[in-house]
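Peer 1: Please see the structure below; I have some questions.
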Amino acid sequence: DRVLIHVPDPERAVDEMVRVLKPGGRIVLSEPDMPGFWVAANDYALTDTIARAIAGSCAHPYLARDLYALLRDRGMDEVDFVANTITSFELAAAAKVLNFEAVLKLMVSKGMMSQEQAIDWSNDILDRARTGRFVAGLTIMIAHATKR
């Protein structure tokens, strides 16, 4: 769960999972679709840049979209795939997973945004949280299969 997007060689990791799985055993892979992350904000162009930076912090941000193929390509049976969108109305919960503060600091240090833009964006998000208007979402993709 949420590991394969960070490992250097996810296909090799899945190969090893399948190798150690007993015949008839089940495998479940769950990964977030990082490029699909979104958050409501006043400045959507800047928010899209932030979302891309968050996705780009993962070694394989698009991997969730390939979970089905990863299991099919390894000869697994009863392969199934579902996508579940998680919506958060709590800034603290979203920030725990996405670490907005660290991302903004890194983006400012790399010249991807100004300090003023980072402060304005943060203030907008904090204001939305204080007034009950914060909302963000991320799709989690889950694939599961049985070993022959």
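The values are calculated or read from the model by the stated rules, or taken from the named source; none is laboratory data. Worth saying up front: this structure is predicted, and the values here are computed from it rather than measured. Note: accessible area is taken over every heavy atom of the protein model, side chains too, but ligands, DNA and RNA are not part of it. Shrake-Rupley method; radii C 1.70, N 1.55, O 1.52, S 1.80 Å.
Peer 1: Quick one: with all protein chains in place, what share of the accessible area of the chain is carbon or sulfur, to the nearest percent (1.4 Å probe)? Spell out each step's value before the answer.
Peer 2: Working: 4580 of 8550 Å².
Ligands and nucleic acids excluded, carbon and sulfur reach 54 percent.
Peer 1: Something else: Find the all-direction average of the projected area of the Cα convex hull for the chain, expressing the result in square nanometres with one decimal place.
Peer 2: Working: hull surface 36.8 nm².
Quarter of the Cα hull surface area: 9.2 nm².
Peer 1: Excluding ligands, DNA and RNA, what is the solvent-accessible area per residue of the chain at a probe of 1.4 Å, expressed in Å²? Please list the in-between numbers first.
Peer 2: Values: 8550 Å² over 148 residues.
Ligands and nucleic acids excluded, the result is 58 Å² per residue.
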